[in-house]
Amino acid sequence: MTKLLFVLGTRPEAIKLFPVIRLARMLPSDFDIKVCTTGQHREMLEPFLRLFDLRPDHDLAILRPDQTLSGIVAGVLEGLDPLLVAERPDWLLVQGDTSTAMAAVLAAFHRNIPIAHVEAGLRTWDLNAPFPEEMNRQVMGRVSTLHLAPTVWSRDNLLREGVPEDRVVVTGNTGIDSLRLARESSTLSKDVSVRYPSIAGRKLMLVTGHRRENFGQGLADVCTAIRRLVEENQDLAVVFPVHLNPNVSEPVRRILSPAVATGRLILDEPVDYPTFVSLLCAAHLILTDSGGVQEEAPSVGKPCLITREKTERPEGLEAGVARLVGTNTERIVSAVEDLLNNPEANAAMSRVVNPYGDGHSAERVLAAIVQRSSSGFDLVGRSRGPSLL
Ligand code: UDP
């Protein structure tokens with residue numbers, strides 16, 4: 001029996017750890033699992049915990065008004081340490097690159113608890129983009145015990161940084177497992193135009209945005225592009241589930257509200273995952289700075305325009321189904337209009353490819369952990385030996 005402690009604090013962590021937790025729960029004689037939430041993004045996380053039936057065993061409740069990044073990291077370190085002592089897990093599991101995940105890794109390292117990092121090895125090598133996620137991943141790359149890399153590219157990044165080969169396993173991205181499960185599920189709406197009647201018969205552009213480095217002028221320029229596109233293209237409809245961070249929602253609603261009157265721009269609250277997957281499937285194109293959405297778009301065969309200058313997910317660019325468009329208004333308008341009006345350009349980017357995963361990554365994640373558990377995998381070059389707890 002292997003005891004796993006999952007620590008998560010945001011929406012994408014819930015989406016991408018859900019398939020692993022679900023599978024571990026299906027194997028109760030192999031795994032004893034505990035789930036701890038930190039509260040980094042409580043309001044956006046909770047509907048996902050309910051949807052996925054994740055039932056946390058512990059909640060660190062770190063959210064404070066005007067929470068700083070240092071406040072998140074300090075809260076997780078302080079809250080998690082006594083829990084690690086009490087639970088004594090065989091493995092700590094974290095996903096991705098959030099402040100929650102990075103702080104949890106440090107806390108486990110201090111207690112000599114083996115760490116499995118799901119979605120390891122993504123890099124831009126620019127500590128400012130994405131901020132602070134690139135720093136988080138690089139720290140996690142130094143400290144984790146087992147690196148579960150989604151792709152060969154991410155594995156090679158880790159090997160180049162000196163991580164021993166036997167500590168890296170290519171698993172695919174567990175987000176694609178969730179996408180597969182959602183598409184197989186009966187909760188998926190077959191017709192999103194019931195929820196959004198004005199998109200019927202139009203070309204749908206699905207928009208998301210929340211990257212910290214785009215706050216301010218970058219996001220304002222993206223919004224100006226969206227407004228122009230809606231005003232100038234009668235066959236275009238836009239659905240934009242707006243992130244709850246006021247640095248996003250305030251400028252988005254201020255700049256875009258005038259265009260809502262056209263009836264072809266919908267500024268929604270963040271939507272539940274089945275609705276979002278239905279929107280992905282209905283979209284003509286996607287405009288996003290989200291990491292997870294960049295992975296999902298090619299799996300449903302939709303062109304993805306990325307409102308960033310760099311991405312740690314180059315596989316979609318290489319496959320020709322994603323493009324970096326940055327935040328410049330003219331560049332975005334021209335890239336979107338090309339996909340709206342040029343059927344050849346659209347067809348070239350609308351191929352279903354799966355560079356990020358085949359939908360069965362959770363099995364590889366758990367298999368890698370079981371294999372390391374039975375061989376008494378060492379932590380930092382030492383034999384596992386007596387626990388420091
Ligand atoms: N998503 C969702 N509802 C929304 C917007 C996004 O369920 O209104 C999902 C989406 O399918 C993807 C994930 O949230 O799996 C992306 O989360 P986010 O963009 O917040 O984080 P990132 O992936 O950039 O870390």
Filtering the range 239-271 down to residues that are among the aliphatic types (A, V, I, L, M), within 20 Å of GLY218 (Cβ to Cβ) and either in a helix (DSSP H, G or I) or away from the ligand (no atom under 14 Å from the Cβ) (or both) yields VAL248, VAL252, ILE255, LEU256, ALA259, LEU265
Checked the range 256-275 for anything hydrophobic (A, V, I, L, M, F, W, C) and either in contact with a Gly (Cβ under 8 Å, 6 or more places away or on another chain) or open to solvent by less than 20 Å² (accessible area, probe 1.4 Å) (or both); matches are LEU256, ALA259, LEU265, VAL271
GLU295 passes all but one of the listed conditions (1) more than 10 Å from the ligand (Cβ to nearest atom); (2) among the charged types (D, E, K, R); (3) buried (at least 23 other Cβ atoms within 10 Å of the Cβ); the exception is number (1)
Of (1) in contact with an Asp or Glu (Cβ under 9 Å, 6 or more places away or on another chain); (2) free of Cβ contacts under 8 Å to residues at least 40 places away in the same chain, ALA101 fails just (2)
Within the range 228-238, of all residues that are surrounded by fewer than 19 Cβ atoms within 10 Å (Cβ to Cβ) and part of a helix (DSSP H, G or I), the one farthest from the ligand (Cβ to nearest atom) is GLU232
By residue number, the members of the range 119-138 that are in a helix (DSSP H, G or I) and either of a type in the set (Gly, Ala, Ser) or more than 15 Å from ARG160 (Cα to Cα) (or both) are GLU133, GLU134, MET135, ASN136
Margin query: Within the range 276-291, does at least one residue satisfy the condition of being within 10 Å of the ligand (Cβ to nearest atom) and open to solvent by 20 Å² or more (accessible area, probe 1.4 Å)?
Written below: yes
Considering the range 26-82, residues that are in a loop (DSSP other than H, G, I, E, B) and polar (S, T, N, Q), and then whichever is farthest from PHE109 (Cα to Cα), we arrive at SER29
Going through the range 153-200 in order, the residues found to be without any contact (Cβ under 8 Å) to a residue 12 or more places away in the chain and crowded, with 18+ Cβ neighbours inside 10 Å are none
Restricted to the range 34-46 and to residues being touching a Leu at 6+ places or on another chain (Cβ under 9 Å) and open to solvent by 30 Å² or more (accessible area, probe 1.4 Å), the residue modelled with the highest pLDDT is LYS34
LEU204 passes all but one of the listed conditions (1) open to solvent by less than 60 Å² (accessible area, probe 1.4 Å); (2) out of contact with any strand residue (DSSP E or B) (no Cβ under 6 Å at 6 or more places or on another chain); (3) modelled with pLDDT of 95 or more; the exception is number (2)
Flagged pairs (Cβ under 6 angstrom, 6 or more apart or on separate chains; first in the range 292-313, touching a residue at least 12 places away in the same chain (Cβ under 8 Å) and part of a helix (DSSP H, G or I); second aromatic (Phe, Trp, Tyr) and more than 11 Å from the ligand (Cβ to nearest atom)) are GLU295/TYR356
Filter the range 328-371 for residues that are open to solvent by 30 Å² or more (accessible area, probe 1.4 Å) and touching a strand residue (DSSP E or B) at 6+ places or on another chain (Cβ under 7 Å); the one that is modelled with the lowest pLDDT is VAL370
Residue hits (the range 78-113; in contact with a Gly (Cβ under 7 Å, 6 or more places away or on another chain) and open to solvent by 10 Å² or more (accessible area, probe 1.4 Å)) are THR98
task = State yes or no: is VAL222 more than 14 Å from the ligand (Cβ to nearest atom), in contact with a Ser or Thr (Cβ under 7 Å, 6 or more places away or on another chain) and open to solvent by less than 50 Å² (accessible area, probe 1.4 Å)?
result = yes
For ARG88, the lone unmet condition from (1) in contact (Cβ under 8 Å) with a residue 40 or more places away in the chain; (2) at negative phi; (3) among the basic types (Lys, Arg) is (2)
May I ask you to verify whether ARG323 is in contact (Cβ under 8 Å) with a residue 24 or more places away in the chain and either away from the ligand (no atom under 16 Å from the Cβ) or part of a helix (DSSP H, G or I) (or both)?
yes
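The values are calculated or read from the model by the stated rules, or taken from the named source; none is laboratory data. Quick caveat: nothing in here was measured; it's all calculated off a predicted structure. All Cβ positions, even for glycine, are placed from backbone atoms using ideal geometry, and neighbour counts span all protein chains on display. The area values use the complete protein model at the heavy-atom level, side chains included, leaving out ligands, DNA and RNA. Shrake-Rupley method; radii C 1.70, N 1.55, O 1.52, S 1.80 Å.
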